[in-house]
Amino acid sequence: MTLAQIEEETLRALVSAGVRARYYQAHPLDFKPKIAEAAIGDLSVGWVIYGKPGRGKTHLAAGIMRAHILSGKARRPIFRMAREILRRIRETNGSLAQERESDVLADLCGASLLVVDELGRESTAAKDDGPVSEFVLGALHEMISRRLDDLKPTIFTTNLDDAEIESRYGGAVMSRLTELQPLMLQGPDRRGG
């Protein structure tokens, strides 16, 4: 296979996974060697990538997905914003639902790598800083637990710190997230802001 064919196949996999066009060329090597080495090195369980807005969390997560695809381990990776995932779960609760909760969870839990981008930026039903509904929280907890139990890597990106995550999603979700490797991105805003 030629380099051009590999790149074309990788791009097709990134698009299929849901990576947005801005991040098609993202790679862990776009970061300092220590971060790149950590990100490429061990994807056995996954990561929680922390940092203020503009530090490159989504870029790094997309780059890790690219490396995962190039490694040949990506059977069916999924890259979604937390808001998309939680809205999809929320929409299964009701008589007019197009999908069942179990089908949504099977889809998310079946991914070879799942990236949940911008945890904490999703809208909650009552108010933006309030807790997530019990229904959605239960499904989120189940998704994380099943992926951990099945040894499937998951990456979360977030602007929140651990205390804010626990306040918003509860101790059970936070406890499971501590099983993932933490990675804090610092430095200036990469967007130039």
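The values are calculated or read from the model by the stated rules, or taken from the named source; none is laboratory data. Values in this document were obtained by computation on a predicted structure and should not be read as measured data. Note: ideal-geometry Cβ built from the backbone for every residue, glycine included; neighbour counts use all protein chains shown. For the accessible areas, the whole protein counts, side chains as well, though only heavy atoms, and no ligand, DNA or RNA atoms are used. Shrake-Rupley method; radii C 1.70, N 1.55, O 1.52, S 1.80 Å.
Descriptive notes on the structure:
Yes/no per residue for (1) hydroxyl-bearing (Ser, Thr, Tyr); (2) touching a strand residue (DSSP E or B) at 6+ places or on another chain (Cβ under 6 Å); (3) at pLDDT below 95:
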site	(1), (2), (3)
Ser16	yes, no, no
Val19	no, yes, no
His27	no, no, yes
Glu37	no, no, yes
Ser44	yes, no, yes
Val48	no, yes, no
Ala61	no, yes, no
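- Filtering the stretch 132-178 to residues that are closer than 22 Å to Leu43 by Cα, of a type in the set (D, E, K, R) and surrounded by 14 or more Cβ atoms within 10 Å (Cβ to Cβ) leaves Glu142, Arg146, Arg147, Lys152, Asp162, Arg176.
- Residue that is surrounded by the fewest Cβ atoms within 10 Å (Cβ to Cβ) [pool: residues in the stretch 86-102 that are aliphatic (A, V, I, L, M) and in contact with a helix residue (DSSP H, G or I) (Cβ under 7 Å, 6 or more places away or on another chain)]: Leu86
- Test for Ala82: is it over 30 Å from Thr10 (Cβ atoms) and either buried (at least 22 other Cβ atoms within 10 Å of the Cβ) or at pLDDT 90 or above (or both): no
- Residues that are of a type outside the set (S, T, N, Q), open to solvent by 50 Å² or more (accessible area, probe 1.4 Å) and either under 20 Å from Arg176 (Cα atoms) or without any contact (Cβ under 8 Å) to a residue 40 or more places away in the chain (or both), drawn from the stretch 39-72: Ile40, Gly41, Asp42, Gly72
- The set of residues in the stretch 16-38 being hydrophobic (A, V, I, L, M, F, W, C) and either surrounded by 13 or more Cβ atoms within 10 Å (Cβ to Cβ) or over 17 Å from the mean Cα position of the chain (by Cα) (or both) consists of Ala17, Val19, Ala26, Leu29, Phe31, Ile35, Ala36, Ala38.
- Being in contact with a Ser or Thr (Cβ under 9 Å, 6 or more places away or on another chain) and open to solvent by 70 Å² or more (accessible area, probe 1.4 Å) is true of Arg76.
- The sole residue among Ile144, Ile89 that is of a type in the set (Val, Ile, Thr) and modelled with pLDDT of 90 or more is Ile144.
- If you go through the stretch 140-189 and keep only what is of a type in the set (S, T, N, Q) and not in a strand (DSSP E or B), you end up with Ser145, Asn159, Ser167, Ser175, Thr178, Gln186.
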